[in-house]
Amino acid sequence: MAAVNEERLAEARSRRAEADEKIIGEKIDDGLGTVQVGISGSLRAIQLEQRLLPDLPEDRVAELVVAAIHRAETKAGQLREILLGRDAMRKDA
């Protein structure tokens with residue numbers, strides 16, 4: 001029985017490591033750029049179109065970036081659930 005549990009644990013760790021490499025990209029509205037979020041929901045990158053920044057107020061840029069991050073986090077959560085199951089964020093999953 002212990003061997004079966006160890007095998008299941010090793011399989012779960014392998015799936016988790018593979019999933020952790022996945023990155024979700026999401027376009028920022030108004031063609032402002034993209035954000036990237038890891039499957040755990042961690043922010044990986046924000047790429048902005050520098051040529052558009054002078055034309056937009058800072059609060060609008062912030063609003064658009066935050067909205068894109070939230071959309072990416074939602075998609076990451078959905079993908080995480082598909083790949084790892086409902087309790088994917090548990091370390092012992």
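The values are calculated or read from the model by the stated rules, or taken from the named source; none is laboratory data. Predicted, not measured: the structure shown is a model, and the values here were computed from it. Neighbour counts are summed over all protein chains in view; Cβ atoms, including those assigned to glycine, are modelled from backbone coordinates with ideal geometry.
Residues in the stretch 1-22 that are surrounded by 14 or more Cβ atoms within 10 Å (Cβ to Cβ) and either out of contact with any Ser or Thr (no Cβ under 7 Å at 6 or more places or on another chain) or among the hydrophobic types (A, V, I, L, M, F, W, C) (or both): ALA12, ARG15, ARG16, ALA19, LYS22. In the set ILE69, ILE82, only one residue is under 17 Å from ALA17 (Cβ atoms) and either over 13 Å from the mean Cα position of the chain (by Cα) or not polar (S, T, N, Q) (or both); that residue is ILE82. For first residues located in the stretch 23-50 and without any contact (Cβ under 8 Å) to a residue 40 or more places away in the chain, partners that are polar (S, T, N, Q) and surrounded by 15 or more Cβ atoms within 10 Å (Cβ to Cβ) and lie 6+ apart or on another chain with Cβ distances below 7 Å form the pairs ILE23/GLN36; ARG44/GLN36; ALA45/GLN36; GLN47/THR34.
Under the condition of being part of a helix (DSSP H, G or I) and charged (D, E, K, R), the residues counted in the stretch 12-39 number 7. Six or more apart or on different chains, Cβ atoms under 7 Å: show the pairs whose first residue is in the stretch 8-21 and within 13 Å of GLY85 (Cα to Cα) and whose second is in a helix (DSSP H, G or I). Cβ pairs passing all conditions: ARG15/LEU83; ARG15/LEU84; ARG16/LEU84; ALA19/ARG80; ALA19/LEU83; ALA19/LEU84.
Of all residues in the stretch 23-36, those satisfying the criterion of being modelled with pLDDT of 95 or more and surrounded by 15 or more Cβ atoms within 10 Å (Cβ to Cβ) are GLU26, ILE28, LEU32, GLY33, THR34, VAL35, GLN36.
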